[in-house]
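Right, one structure below, let's go through it.
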Amino acid sequence: MQAAAPIVSTIQPKDDTANWIEFAAPEGPTGPTGSAGPGITGPTGAQGPTGLTAPQLGITDGSDAPPGYIGEFISIVQDTTLDVPNDVSADITSLTLPAGDWDVGGSVYIHPSKNATKFAAWVNDISATQPDGFQGGLMVVSGSLSTDVNGSVTGVRRWNITQDTTIYLGTHVIISSAGTCVAGGMIAARRRR
């Protein structure tokens, strides 16, 4: 006996509501746990040392470095002459530096009425006190200085400070024959770092 001709349906089984039955299969067992991943991230480590930075180019536009930046420049000029007592250390002017690493220097000029035998000029953080000069910032001339205007630079001295500090420009002049003297000058500081 021969089988009947096959049944060919043009309806998709899911759309054949008379012959299609949906059922839900029971849930299968839980599969095994997968292998561990990279793990939990630990705490951040300490900051490492700062690497070298590329050299900084200087300015070419004539502008000043802003306060707090490397290259900041502060200066005070005492262009009105002051009477300087004979054989007494005296301040000509001063400036206050904010915290930082500074190079400080100045220049002093004197005009004695009689010949001077000693002329010293300095920068110091102690008022009216000549420093020993081992850290820089001191110039001393001994001999016979005429009654002309005499001047000198102090040399440069470094201050690496953590708080505001006043730096004084000072002088000490010894004049022969009880003469008088006037002085003026300029003190300047540049932030080195």
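If I go through region 100-127 residue by residue, how many of them are over 36 Å from the mean Cα position of the chain (by Cα) and either within 10 Å of Val153 (Cα to Cα) or part of a loop (DSSP other than H, G, I, E, B) (or both)?
If we filter region 100-127 for residues that are over 36 Å from the mean Cα position of the chain (by Cα), which is where we start, we get 111-118.
Narrowing the set further to residues that are either within 10 Å of Val153 (Cα to Cα) or part of a loop (DSSP other than H, G, I, E, B) (or both) leaves 113-115.
Residues that pass the stated criteria total 3.
Please enumerate the residues belonging to region 157-193 that are open to solvent by 40 Å² or more (accessible area, probe 1.4 Å) and of a type in the set (S, T, N, Q).
Scanning region 157-193 gives Asn160, Thr162, Gln163, Thr166, Ser176, Ser177, Thr180.
Could you figure out which of (1) polar (S, T, N, Q); (2) at pLDDT below 95; (3) not in a strand (DSSP E or B) isn't true of Thr81?
(3)
List, please: which pairs have Cβ atoms under 8 Å, are six or more places apart or on different chains, and start with a residue in region 175-193 that is free of Cβ contacts under 8 Å to residues at least 24 places away in the same chain and end with one that is in a helix (DSSP H, G or I)?
No pair meets every condition.
Quick one: what pairs do we get from region 57-71, first residue part of a loop (DSSP other than H, G, I, E, B), second open to solvent by 70 Å² or more (accessible area, probe 1.4 Å) and modelled with pLDDT of 90 or more, C-beta under 6 Å, 6+ apart or different chains?
What qualifies is Ile70/Arg193.
Find the residue count for region 110-131, including only residues that are open to solvent by 20 Å² or more (accessible area, probe 1.4 Å) and at pLDDT 95 or above.
From region 110-131, those open to solvent by 20 Å² or more (accessible area, probe 1.4 Å) are 111, 113-115, 117-118, 125-130; that's our starting set.
Going one step further and asking which of them are at pLDDT 95 or above, we end up with 125-130.
Going through region 110-131 one residue at a time, the tally reaches 6.
Go through (1) polar (S, T, N, Q); (2) at pLDDT below 95; (3) crowded, with 19+ Cβ neighbours inside 10 Å and name the single condition Thr154 misses.
Tallying (1) polar (S, T, N, Q); (2) at pLDDT below 95; (3) crowded, with 19+ Cβ neighbours inside 10 Å, Thr154 fails exactly one: (2).
Give me the residue from region 135-163 that is under 26 Å from the mean Cα position of the chain (by Cα) and assigned to a loop (DSSP other than H, G, I, E, B) and, out of that set, nearest to Val108 (Cα to Cα).
Across region 135-163, the extreme among qualifying residues is Thr154.
When region 142-151 is examined, which residues are found to be hydrophobic (A, V, I, L, M, F, W, C) and open to solvent by 50 Å² or more (accessible area, probe 1.4 Å)?
Val149
With Pro66, Pro55 as the choices, which residue is modelled with pLDDT under 80 and loosely packed, with under 10 Cβ neighbours inside 10 Å? Write out each step before concluding.
Values: Pro66 fails: modelled with pLDDT under 80.
After applying the criteria, what remains is Pro55.
The values are calculated or read from the model by the stated rules, or taken from the named source; none is laboratory data. Not measured: the values here are computed from a predicted model. Cβ: placed from backbone, ideal geometry, glycine included. Neighbour counts: every protein chain shown. Surface accessibility is based on the protein's heavy atoms, side chains included, excluding ligands, DNA and RNA. Shrake-Rupley method; radii C 1.70, N 1.55, O 1.52, S 1.80 Å.
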